[in-house]
1. Does GLN95 fit the bill of being under 18 Å from TYR136 (Cβ atoms) and not aliphatic (A, V, I, L, M)?
2. Quick test for you: out of ILE47, ILE55, ILE43, ILE92, pick the one residue that is at negative phi and surrounded by fewer than 11 Cβ atoms within 10 Å (Cβ to Cβ).
3. Based on what the data block shows, is ILE47 touching a helix residue (DSSP H, G or I) at 6+ places or on another chain (Cβ under 7 Å) and touching a residue at least 24 places away in the same chain (Cβ under 8 Å)?
4. Any residue in region 161-178 that's in contact (Cβ under 8 Å) with a residue 24 or more places away in the chain: show its pairings with residues that are part of a loop (DSSP other than H, G, I, E, B) and charged (D, E, K, R) at Cβ separation under 9 Å, as long as the two are six or more apart or on different chains.
5. Sort out which residues of region 95-106 are surrounded by 12 or more Cβ atoms within 10 Å (Cβ to Cβ) and free of Cβ contacts under 8 Å to residues at least 60 places away in the same chain, and write them in order of number.
6. How about region 49-85: which of its residues are out of contact with any Lys or Arg (no Cβ under 6 Å at 6 or more places or on another chain), within 19 Å of THR131 (Cα to Cα) and of a type in the set (D, E, K, R)?
7. Which residue out of ALA16, ALA29, ALA88 is within 30 Å of THR126 (Cα to Cα) and out of contact with any Cys (no Cβ under 9 Å at 6 or more places or on another chain)?
Amino acid sequence: MKQKKGLIILIFILLALIVVYFGMRSMNARKQEKQEEKEKAEIIQVINVKNPKEIAYSADDGSSMAFVKEDGTWYLKDDKETVLRQTAIQSIADQVSDIQAEREIKDPDSIESYGLDTPLYTITVTDEDGTAQNIYIGDGAGSDYYMTTGDKEKVYTVSYFLINALEFDKDTLVDTSEETEAEE
């Protein structure tokens, strides 16, 4: 009789532990969902071009380039004969067509105080419908940079990753693998 009682108590304890386990698991899942919703609500989406077809870029040092996408392949706008490293151009396109700000500057000063009157970089991203969005990158703000868009009404800070994507020249974008194969 004592053994039956002990077994019944152990079964109840096991069932209680199972209930506690699934309750904690459910509670953690809800907590995780709330955290993800909070993070999603904090995202400041500034630019979101789904299918960029053209990217024009100019820097304060006078350098500039323009790329156009035709039939799924990126070309230099003024030189379609030069073969480009598609992964490099697509990486640039991904960075400039989907920009999320670190923060928005509330009640910004004049754009001059952020270096946006003479920006370090000016980028124009055009989608497949021909709608162009202008992006202006100004002075550094710690590890971030100040940024505004076409209307220059709002000022944001964006990650230095965007600036890193813009540090290239034509030589680093040219695909030399075909030239090497042709020489052999």
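Computed from the coordinates by the stated procedures, all read-outs in this text should not be read as laboratory data. No experiment lies behind these values; they were computed from the predicted model shown. Here Cβ is always computed from backbone atoms with ideal geometry, including for glycine, and neighbour counts include all displayed protein chains.
1. Yes; evaluated as a whole, the condition is true for this residue.
2. ILE43 is the lone residue from the list that is at negative phi and surrounded by fewer than 11 Cβ atoms within 10 Å (Cβ to Cβ).
3. yes
4. Short answer, once both residue conditions are applied: THR172/ARG85; LEU173/ARG85; VAL174/ARG85; ASP175/ARG85.
5. Across region 95-106, the qualifying residues are SER97, ASP98, GLN100, ALA101, GLU102, ARG103, ILE105.
6. Correct list: LYS50, GLU54, GLU70, ASP71, LYS77.
7. Among ALA16, ALA29, ALA88, only ALA88 is within 30 Å of THR126 (Cα to Cα) and out of contact with any Cys (no Cβ under 9 Å at 6 or more places or on another chain).
Per-residue answers, yes or no, for (1) within 17 Å of ILE47 (Cβ to Cβ); (2) surrounded by 11 or more Cβ atoms within 10 Å (Cβ to Cβ):
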site: GLY72; (1), (2): no, no
site: PRO108; (1), (2): no, yes
site: ASP144; (1), (2): yes, yes
site: ALA165; (1), (2): yes, yes
